[in-house]
1. Per-residue ellipticity at 222 nm for the chain, helices alone: DSSP H runs ≥ 4 residues times -39500 (n - 2.57), over residue total, nearest 500 deg cm²/dmol?
2. Considering only G83, G21, G103, give the residue with the highest GNM mean-square fluctuation for the chain, with springs between Cα atoms whenever their separation is below 10 Å.
3. Between S116 and S20, what is 0.36 nm times their sequence separation minus the Cα-Cα distance? Round to one decimal in nm.
4. Give me the distance in nm between label points sitting 7 Å out from Cα along the Cα-to-Cβ direction at N102 and Q45, one decimal.
5. If you line up the Cα atoms of the chain on their principal axes, what length do they span on each, largest first, in Å?
6. Out of G83, A40, G109, whose Cα points farthest toward the positive end of the dipole of the chain (charges: +1 Lys, Arg; -1 Asp, Glu; placed on Cβ)?
Amino acid sequence: LELSKLVWSTMSAVDHANQSGNYSVLRDLSAPAFQASNDAARLTQIFAGLRASGTDLSNTLLLGPLWATPPAIEPGGMLHLQGYFGLRPTAIGFDFNFQWVNGKWRLFGIAINPRSIATEQPMPTKRR
């Protein structure tokens, strides 16, 4: 559930930034290295396509994320979360990296990609 909360809060922050055109809060909630690389104007440019598509990211708050790869701590200590929300007709794919900073996971890398639900496949589940 904690991992889902990280994904939902990130989606919500991006959705609010897209609606308002103000990416400063998204930036401020992120890891220091992300902040150093991305001022609010750069984030506005990065998310221009997503904003122009009119994709409503708030719908992702209605479903649990489906993992495309198992959540993992990667070498260097980054938490990698990759998956999608199975919304119809447009799924919302995500690929996030988080860095542990002062007792919290903070956004370090982000990609959000709306795409046809037909292109998404959940991770196979192990049978016992």
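Each value in this text was obtained by applying a stated rule to the coordinates, not by laboratory testing. Since this is a predicted model, take the numbers as computed values, not measurements. Ideal geometry is used to build each Cβ from the backbone, glycine not excepted, and the neighbour counts take in all protein chains shown.
1. Working: 5 runs with 43 residues, N = 128.
After summing the helix terms and dividing by residue count, I get -9500 deg cm²/dmol.
2. Checking each option, the largest mean-square fluctuation is seen for G103.
3. On the way: separation 96, 0.36 × 96 = 34.56 nm, distance 2.61 nm.
The S116-S20 span can extend by a further 31.9 nm.
4. 2.8 nm
5. 47, 35, 20
6. Highest projection toward the positive end goes to G83.
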